[in-house]
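Each remark here refers to the structure printed beneath this line.
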Amino acid sequence: MTLRKFAGLGALLSIVMPSLAMAADEVAAPVLNSGDTAWMLTATALVLFMTIPGLALFYGGMVRSKNILSVMMQCFAITGLISILWVVYGYSIAFDTTGMEQGVVNFNSFFGGMGKAFLAGVTPASITGPAALFPEAVFITFQMTFAIITPALIVGAFAERMKFSAMLIFMAIWFTLVYAPIAHMVWSGNGGLMWDWGVLDFAGGTVVHINAGVAGLVACIVLGKRKGFPTTPMAPHNLGYTLVGAAMLWIGWFGFNAGSAAAANGTAGMAMLVTQVATAAAALGWMFAEWITHGKPSALGIASGVVAGLVAVTPAAGTVGPMGALVIGLVAGVVCFFCATSLKRKLGYDDSLDAFGVHGIGGIVGAILTGVFAAPALGGFGTVTDIAAQVWIQCKGVGFTVIYTAIVTYVILKVLDMVMGLRVTEEEEAVGLDLAQHNERGYNL
């Protein structure tokens, strides 16, 4: 080939190569997937449905009639409060990865940056997801619903005795110092503390349930027992509401777990299946444990068992198979039953609606067993090859979450108690928080 031909070829390449590069860039550019987007929009609505009206009804039916509005009001107020805090700075603390580096522990391993504060840079064209397939605005809202339900779960531990004003301030501070940082450590990606440890938490075993359960336990201890507990009967006033709420939680949880696949794919489908299996097993496990122990199965028991199963399968939903889910659910149902009854009586704490007994204990059981049943050798779909090593990692994640949450929650509550007081007066407690805090009655007969 002559030099002239080489020169001609070079000129041709100089024209063609940039065009090829531009074409490759166009091919690699993220494209929104309408199927994934539609599923994530649906999942987001389902998770919000879990708090209002699901959790509001579930908790509302379990308190005495004079306190039903106070519990529902707290769920609604938390929904509004956390929604605003999430867009102002919560999303940024949880998911801004500025300063993070895999294997390096620094401040940003615990606490995200402020690059996404006030949702800076988020537009209708912003796309995110595992393959950048749906709007970032949808991801923000989906994660917001998780941030909403977590502090709302804590309400069950101190129901019927905390001032509404103190509750609002506590939730705002707790969300800032506990929820958002834990979410960042577990879910933010390379450089996040527990992410780098290899903790498996598909949809919130540590971030949501252990976090809320432990905070609830600390809160009910710091506030003290309700007046008359445990000698005065404090039976649920409307178990029909509780069963309806539990049913709503069961349905909404498919968005919680299957939605955490962040795509309409096989992982979402399997997450839905194992959620159903574990929940059914836990409901039956609690029911039969109660039947054998107390002589009769109760509606409150099976509703509580449903929630225990939903909680326990949450960290495992993306990695376990159906048989692993069955075991996780069955174990969670039985263990949570004894912790919410025998253990609570023995230790004497007044966890009004068993936030710790169901969410804290269920989350711990599920998180640890995820390390077992995520292994392909036991029918799982994770990458676990050394079960003992993964169980140790899961225990580290559980231990860190328990200790961090307990300490920070205790400090927040003690400071607030000194500054403004946490608890209503004995007279207000006797009248009921509906009238004392909101000047309304749930029932006007």
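The values are calculated or read from the model by the stated rules, or taken from the named source; none is laboratory data. Please read these numbers as outputs of a predicted model, since none were measured by experiment. Cβ: placed from backbone, ideal geometry, glycine included. Neighbour counts: every protein chain shown. Calculation scope for accessible area: heavy atoms of the full protein, side chains included, ligands and nucleic acids excluded. Shrake-Rupley method; radii C 1.70, N 1.55, O 1.52, S 1.80 Å.
Here are some notes:
- When the solvent-accessible area of region 315-356 is split by element, carbon and sulfur atoms take up 76 percent of it, the probe being 1.4 Å.
- In this structure, the amide hydrogen of GLY198, modeled 1.01 Å from its nitrogen in the peptide plane, lies closer than 5 angstrom to no residue at least 5 positions away or on a different chain.
- Accessible area per residue for the chain is 40 Å², calculated with a 1.4 Å probe on protein heavy atoms, without ligands, DNA or RNA.
- The chain: angle of helix 239-258 to the longest principal axis, Cα-based, in degrees nearest 10: 10 degrees
- Computed from Cα atoms, the angle from the helix 164-174 axis to the main principal axis of the chain rounds to 30 degrees.
- Loop-resident chymotrypsin sites (Phe, Trp or Tyr not before Pro) (DSSP state other than H, G, I, E or B) in region 316-357 with no more than 12 further Cβ atoms inside 10 Å of their Cβ are absent.
- Inverse mean reciprocal Cα-Cα distance (Kirkwood Rh) of region 347-445, Å: 17.4 Å
- Here the label points at ALA137 and ILE407, each 7 Å from Cα along the C-beta direction, are separated by 4.1 nm in the simple model.
- Simple spin-label estimate for PHE229 and LEU378 in nanometres, 7 Å along Cα-Cβ: 3.4 nm
- Lys pairs under 30 Å by Cα in the chain, provided they are eight or more residues apart or on distinct chains: 28
- The ILE292 and LEU347 beta-carbon pair, evaluated with R₀ = 25 Å, returns a calculated FRET efficiency of approximately 0.65.
- For THR128, residues with placed amide H under 5 Å, excluding near neighbours: LEU133, PHE134, GLU136
- FRET efficiency estimate (nearest 0.05) - Cβ-Cβ, ASP386 to LEU168, R0 51 angstrom: 0.65
- Residues listed by number, region 377-400, amide nitrogen under 15 Å from VAL105 label point at 7 Å toward C-beta: 393, 396-400
- Once the Cα atoms are used to define both axes, helix 322-338 deviates from the longest principal axis of the chain by about 30 degrees.
- Cut-off of 10 Å, at most 15 other beta carbons, DSSP loop: longest stretch of the chain lacking such GluC sites (Glu not before Pro): 102-439
- Around VAL218: net Lys/Arg minus Asp/Glu count, Cβ-Cβ under 14 Å: -2
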